[in-house]
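A.B. asks: Quick one: this structure, given as structure tokens, is what I'll be asking you about.
The values are calculated or read from the model by the stated rules, or taken from the named source; none is laboratory data. None of the values given here were measured: they were computed from a predicted structure. Note that we place each Cβ from the backbone using ideal geometry, even for glycine, and neighbour counts take in every protein chain shown.
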Amino acid sequence: MAAAKKKKVPTQKAIVNRRASYDYSLGDELTTGISLTGRETRAARDGRVQLKGSFVTIRDNELWLNNASFSLVLNSKGENETSVDTTPRKLLAHRRQIDALANQKQAGMSIVPLRLLTRGRHIKLVIAIGKGKKNYDKRQTIKLRDQQREAKVRL
């Protein structure tokens, strides 16, 4: 009897919201689960998700991911057509974590999605508390990034 071979799961890079660190001063991160259907899961594993412009709200003591774009494949008679779905999706977190986020949101902070992790069996979303940056803060960020890039080139 030969040992059964395990399927190798291809390592998938995380789907990153690059705009988040530019628009917000980020604080503590929290990894949450996300409730998805089969088509949405397939889109996430294939990397057909866009987090740019998405945000997290708290409704009825539950976390909801809003405005995240999932490109779903619609199998209609052999043709692979896609449609973009931006409906709100429920995030899974403990009650204490949700209460802590709600307290910080009351203080004027925002909850921003950073990365969608697709490794392993479960799909997770990393969110962070952030405070919106003003235009002069964004210019300062660009200036620091350019200085670091120049210093790296010199070495």
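A.B. asks: Cβ-Cβ under 8 Å, sequence separation 6+ or interchain: first residue in segment 85-112 and without any contact (Cβ under 8 Å) to a residue 24 or more places away in the chain and surrounded by fewer than 18 Cβ atoms within 10 Å (Cβ to Cβ), partner part of a strand (DSSP E or B) and among the basic types (K, R). Which pairs?
C.D. replies: Pairs that qualify, where the first residue is without any contact (Cβ under 8 Å) to a residue 24 or more places away in the chain and surrounded by fewer than 18 Cβ atoms within 10 Å (Cβ to Cβ) and the partner is part of a strand (DSSP E or B) and among the basic types (K, R), are G108/K131.
A.B. asks: Have a look at K143, K133, K138, K124 and point out the one that is of a type in the set (D, E, K, R), within 29 Å of P88 (Cβ to Cβ) and at pLDDT 90 or above.
C.D. replies: K124
A.B. asks: Please verify whether N75 is of a type in the set (S, T, N, Q), without any contact (Cβ under 8 Å) to a residue 24 or more places away in the chain, within 23 Å of E40 (Cβ to Cβ) and surrounded by 15 or more Cβ atoms within 10 Å (Cβ to Cβ), treating the condition exactly as stated. Lay out the reasoning, then the answer.
C.D. replies: Working: of a type in the set (S, T, N, Q): yes; without any contact (Cβ under 8 Å) to a residue 24 or more places away in the chain: yes; within 23 Å of E40 (Cβ to Cβ): yes; surrounded by 15 or more Cβ atoms within 10 Å (Cβ to Cβ): no.
Spelling it out, it is not the case that N75 is of a type in the set (S, T, N, Q), without any contact (Cβ under 8 Å) to a residue 24 or more places away in the chain, within 23 Å of E40 (Cβ to Cβ) and surrounded by 15 or more Cβ atoms within 10 Å (Cβ to Cβ).
A.B. asks: Does segment 37-47 contain any residue that is out of contact with any Lys or Arg (no Cβ under 7 Å at 6 or more places or on another chain) and closer than 22 Å to K131 by Cβ?
C.D. replies: no
A.B. asks: Filter segment 8-33 down to residues that are of a type in the set (A, V, I, L, M, F, W, C) and either touching a Lys or Arg at 6+ places or on another chain (Cβ under 6 Å) or exposed (fewer than 13 other Cβ atoms within 10 Å of the Cβ) (or both) and give me whichever is modelled with the highest pLDDT.
C.D. replies: Step by step, filter segment 8-33, then rank; the result is V16.
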